Every structure is written in structure tokens, then in C-alpha cells.
Amino acid sequence: MKLDADDVDAIAQRVTQLLREPAATPAARYVDAAHIARVLGVDREWVYAHAHQLDAIRLGGPAGRLRFDLQHIERRLLDGPSTANKRPASPASRTRRRAAQSRLDLLPYES
């Protein structure tokens with residue numbers, strides 16, 4: 001099969017048209033804390049303080065930069081609070097909660 005000049009031009013025009021159309025999904029899926037702060041209307045410090053709840057990931061190891069899955073956060077905002085999206089409490093928070101409960105449940109003691 002051999003293409004003539006008109007066919008090549010038609011292909012080039014179609015490719016150009018496809019490249020100019022907006023993408024169906026956002027170009028940046030993983031974004032930084034500043035972007036999430038703008039989306040949520042909060043300070044960047046709030047985003048860092050709640051990074052665990054926002055399911056942040058670290059790029060480059062334990063000291064790497066935090067990135068957030070923008071699509072995941074948008075879905076959670078649309079869905080609202082859900083028990084399916086909640087993470088289990090950390091061991092430290094369970095220990096604190098247990099300690100607080102045990103202090104409340106103690107009976108008076110006289111020596």
C-alpha cells in the first residue's frame with residue numbers, strides 16, 4: 001500500500017487535531033502538597049499534618065518528597081466520609097485509647 005501526498009496530509013491534520021483535544025484525565029495525577037492545599041482550600045501545613053489521612057506517598061525513600069493522588073482525593077471528596085476509606089488506627093493511638101479507657105474503668109482503691 002502506498003500513500004499519496006493527500007493521504008499523508010490528512011493523517012497529519014488528524015494527528016494534530018487529536019493532540020490539541022483536551023485529555024480525558026488530568027495530566028498530573030500525583031501532585032505536591034501546595035497543589036492539594038489549593039484544591040482543598042487549606043494551608044500547606046494542614047496538608048502535611050494530615051498526609052497520612054490523605055494517603056500520601058513518598059518518592060525517593062523515607063526522606064523523599066510527599067506526593068498525593070489527586071484522583072483519589074477527588075473521589076473521596078465526592079463520596080464523602082466512608083468507613084471503607086478509613087484506615088485502622090495506628091498501634092500508638094490504640095495504646096493511648098486503651099490507657100485512657102483503663103483509667104476511666106479503675107475502681108477506687110484505699111490503702
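None of the figures in this text is laboratory data; all of them are computed from the coordinates on show. What you see is a predicted model, and the numbers here were worked out from it, not measured in a lab. Because the Cβ atoms are built from the backbone with ideal geometry, glycine has one as well, and the counts that use them run over all protein chains shown.
Each residue, Gln53 and Glu21, gets one label point 7 Å from its Cα in the Cβ direction; the gap between the two is 4.0 nm.
So for region 30-81, averaging the separation of alpha carbon pairs under 8 Å that are six or more residues apart and normalising by length, what relative contact order in percent results? Mind showing how you got there, number by number?
Values: 45 pairs, mean separation 19.4, N = 52.
With pairs under 8 Å counted, the relative contact order is 37 percent.
Just to confirm a number: summing +1 for Lys and Arg and -1 for Asp and Glu over residues other than Asp32 whose beta-carbon lies under 15 angstrom from that of Asp32, what do you get? Its environment carries a net charge of +2. Label-to-label distance, Asp79 versus Ala63, with points set 7 angstrom from Cα along the beta-carbon direction: 3.5 nm.
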